[in-house]
Amino acid sequence: MAGASVSPTPLLKDELDIVIPTIRNLDFLEMWRPFFQQYHLIIVQDGDPSKVIKVPEGFDYELYNRNDINRILGPKASCISFKDSACRCFGYMVSKKKYIYTIDDDCFVAKNPSGEEINALEQHIKNLLSPSTPFFYNTLYDPYREGADFVRGYPFSLREGVPTAVSHGLWLNIPDYDAPTQLVKPRERNTRYVDAVLTIPKGTLFPMCGMNLAFNRELIGPAMYFGLMGDGQPIGRYDDMWAGWCIKVICDHLGLGVKTGLPYIWHSKASNPFVNLKKEYKGIYWQEELIPFFQSATLPKDCTTVQECYIELSKQVKAKLGKVDDYFLKLADAMVTWIEAWDELNLSGGDSAKLANGVGKLAI
């Protein structure tokens, strides 16, 4: 019964949705019950929409499959990936909450070095509710954590920090490796728990992983598009990284922060490296062009909203990356479609009741 009293009054209970992409029954939620049960879940079912996904009793959730996505977005549903975990970003779009936490269904509760179960969601919330310091690096990592502060020589004018838009968590056990690294190190496991949170500096990109990720939807949500991946596309497994590169450029432009480090989850299942290689191999070539593109990308001062920034970025993708492959012309168009769909659902004040399909839906 100890688990039931872990969080009697969960932080941001009515301001946060948990988004889970899946193709299978969600038995993994049983382990997360003490931490997730009082929050609202948005489940995005990938693959065959006729398959019935079972969710453990007692969770407040809504479930969307491909038929629902097509019904809600109409022709604009083309921007949502199929047969790829990138479909999760549909959950970001239909949420009406300020914060999002997204987790994969092969991720379980990890333990810290003292053997205590880690409430990953609570740590993400703490990250998001404390400022970031992207403009000057603090050698004691996050100065807002208990027991830490700004070190000598840190400018007082920057100590207020900036709002945190993204909290990027890590993983114990199975590392988030690409296929070539998986093939070279098939038995490698991450056993190193580093008790640290740090702000990623301005001008520095990072490979964002979507399996343990939280963000402020109001600050950065429209840029959290996981691209065109999977079925019918020449690439997969770059969905979260694409979003990470885009959001970092936009956060740098708008003066927002991105944190990485704690919390850890336990990643239980290694995906097949040969299957992964087939999905990734073009991306492995393309990323040598993509990274310099994002490193040099700048946005004009008159881009003051995330939507304006994202549309501008899509133009640059089309102009510069379209030369790399025609896929990026299609992706650039999908970026625009995504923003149009986002704004239709979120700025028009449309009836949110039309979104829910009622499948397995409890009271919201």
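Figure the gain on full extension for Lys269 and Glu116 (residue separation times 0.36 nm, minus the Cα-Cα span) and round it to one decimal in nm.
Net length gain for the segment: 52.9 nm.
Given H placed 1.01 Å from N in the peptide plane, which residues other than close sequence neighbours of Leu172 have an amide H under 5 Å from its amide H?
Counting only residues 5 or more places away or on other chains, the set is Ile265, Trp266, His267.
Calculate, for Lys278 and Asp60, the FRET efficiency according to 1/(1 + (r/R0)^6) with r their C-beta to C-beta distance and R0 30 Å; round to the nearest 0.05.
For R0 = 30 Å, the calculated efficiency reads 0.20.
Taking a spot 7 Å from the Cα of Lys98 along the direction of its beta carbon, which residues of the range 12-33 have an amide N less than 15 Å from it?
Of the residues in the range 12-33, 12-17 have backbone N under 15 Å from the label point off Lys98.
Just to be sure I follow: if Rg is taken over the C-alpha atoms of the range 120-182 and Rh is the Kirkwood radius over the same atoms, what is Rg/Rh?
Rg/Rh: 1.09.
Which longest run of the chain has no exposed loop site in it, a site being GluC sites (Glu not before Pro) in a DSSP loop with at most 10 other beta carbons within 10 Å, and the site itself not part of the run?
With GluC sites (Glu not before Pro) excluded where exposed in loops, the chain gives 161-364 as its longest stretch.
Kindly write out, for the range 48-53 in residue order, the coupling ³J(HN,Hα) from the Karplus curve 6.51 cos²θ - 1.76 cosθ + 1.60 (θ = phi - 60°), rounded to whole Hz, with x marking Gly and Pro.
Calculated HN-Hα couplings, in order: 4, x, 7, 6, 8, 8 Hz.
Determine ³J(HN,Hα), in whole Hz, for all residues of the range 54-62 in sequence, where each value follows from phi through the Karplus function 6.51 cos²θ - 1.76 cosθ + 1.60 and θ = phi - 60°; x replaces Gly and Pro.
8, 10, x, 5, x, 9, 8, 8, 10
When DSSP beta bridges are limited to those with both residues in the chain, what percentage is antiparallel, rounded to the nearest 5?
Percent antiparallel among DSSP bridges in the chain is about 40.
Per residue of the range 163-177, what does 6.51 cos²θ - 1.76 cosθ + 1.60 with θ = phi - 60° give for ³J(HN,Hα)? Whole Hz please, x for Gly and Pro, Karplus curve as stated.
x, 8, 9, 9, 10, 9, x, 10, 8, 9, 6, 7, x, 8, 9
Between Leu140 and Lys51, what FRET efficiency follows from the Cβ-Cβ distance if R0 is 56 Å, with the result rounded to 0.05?
E between Leu140 and Lys51, to the nearest 0.05, is 0.70.
Give, rounded to the nearest 20 debye, the magnitude of the charge dipole that the chain has about its Cα centre when Lys and Arg contribute +1 at Cβ and Asp and Glu contribute -1 at Cβ.
420
With just the Cα atoms defining each centre, how far is the range 262-301 from the range 171-222? Give it in Å.
The two parts, judged by their Cα centres, are 11 Å apart.
If eta is 0.692 mPa s and T is 37 °C, what Stokes-Einstein diffusion coefficient results for the range 16-345, Kirkwood Rh from Cα pairs, in µm²/s?
Estimated diffusion coefficient is 161 µm²/s.
Would you kindly state the longest site-free stretch of the chain, with sites defined as trypsin sites (Lys or Arg not before Pro) in a DSSP loop (not H, G, I, E, B) surrounded by at most 14 other Cβ atoms within 10 Å?
The answer is 193-268.
With a ≥ b ≥ c taken as the square roots of the eigenvalues of the C-alpha gyration tensor of the range 68-152, please select rounded if a/c is under 1.5 and otherwise prolate if a/b is larger than b/c or oblate if it is not?
Judged from the Cα gyration tensor, the range 68-152 comes out prolate (a/c at least 1.5, a/b above b/c).
Could you list, in their original order, any pairs among Lys126/Lys248; Lys126/Lys185; Lys248/Lys301; Lys202/Lys301; Lys96/Lys279 whose Cα atoms are separated by more than 23 Å?
Lys126/Lys185; Lys96/Lys279
In the chain, with Lys and Arg counted as +1 and Asp and Glu as -1 at Cβ, which of these residues, Gln123, Phe36, Pro134, has the Cα nearest the positive end of the dipole, that is, farthest along it?
Final value for the positive-end residue is Pro134.
Readers should treat all values here as calculations from the given coordinates under stated rules, not as data from a laboratory. As the structure is a computational prediction, the values presented were derived from the model and not from experiment. As a convention, Cβ positions derive from the backbone with ideal geometry for all residues, glycine included, and neighbour counts pool all protein chains shown.
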